[in-house]
Amino acid sequence: MPKSSRSKAEIKVIKEEILSNALEIIREEGFDKLSMRKLAARSGMTAANLYNYYKNKGRLHLELDRKSYATLYAKMENASKKKNTEFEKLKAMLNAYVEFGYRFAEQYDMMFNRLRNPKSTEFIGTEDERFAKKQLREALLNLLLFRKTFSDYIKTQPKLKKKDLDILIMQIWSQLHGLISLYNSGIIGEFDEDPKRTVDRIINNLFTSIESGNV
């Protein structure tokens, strides 16, 4: 455990600073380049001291995911709240999601593309179970925000009222996720010297389909 001379508030600040440093490394070099030794150096402490705050890389990963999902949720919610109509709220939320995926490509990859992302069920009965529950809670908040925003919009669209809400959400989410992944991998850039322009056109086409009820 961290030195007992530190207060709980001080320990919390240090742990948040460590997470911020870890995210900096991930954004600069990718998750695979993150090591406890490198993180300790970035945080101005020894590796042994770092383990006092995060017992292992698995727990660190859970906390990084939790913090990342919380950040994504805040960005989507804040963008949506600034709009008036249900369609504008939906557009703002989805645009915030896409922007997060572009701006924080390595972080997004850690959250959504890694085959070995820690699953909450893997930690049942372990000392990391409570951290896994926190991570799952933040992830589900994003899904619930998607669901509520889509649900509120569908109520205004007769054509969409008969659609299966969860299937519709996964359909559109999959399209956006695929688009972000293709953009971040550079594949879209192989077809267009201005990949952002292509992405914007595809997203606008998607919004047109949603607004017309033809999704």
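Key figures for this structure:
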item: Two-site FRET efficiency, TYR102 against VAL13, from Cβ-Cβ distance with R₀ of 35 Å, rounded to 0.05; result: 0.70
item: Among the listed pairs LYS12/LYS148; LYS91/LYS119; LYS155/LYS196; LYS83/LYS155, those beyond 27 Å (Cα-Cα); result: LYS12/LYS148; LYS91/LYS119; LYS155/LYS196
item: Cα pair count fraction exceeding 22 Å, expressed as % - region 126-215; result: 46
item: The chain: relative contact order in percent, alpha carbon pairs under 8 Å with at least 6 residues between; result: 18
item: Spin-label proximity, LYS38 to region 79-107 - amide N less than 20 Å from point 7 Å beyond Cα toward beta carbon; result: 103-107
item: Residues whose placed amide H lies under 5 Å from that of GLN157, excluding near-sequence neighbours; result: none
item: Inter-label distance for THR71 and LYS196, nm, one decimal - labels placed 7 Å from Cα along Cα-to-Cβ; result: 1.9
item: Rh by Kirkwood over Cα pairs, then Stokes-Einstein D for region 1-54 at 0.692 mPa s and 37 °C, µm²/s; result: 289
item: Whole-Å semi-axes of the ellipsoid equivalent to region 10-94 (Cα gyration tensor, √5λ, descending); result: 33, 13, 10
item: Per residue Cα convex hull volume in Å³ - calculated over the chain; result: 141
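Any read-out appearing in this document is the output of simple, stated calculations on the displayed coordinates, not a laboratory observation. Fair warning: this is a prediction, and the values are worked out from it, not measured in the lab. FYI the Cβ positions are ideal-geometry reconstructions off the backbone, even for glycines, and counts take in every protein chain you see.
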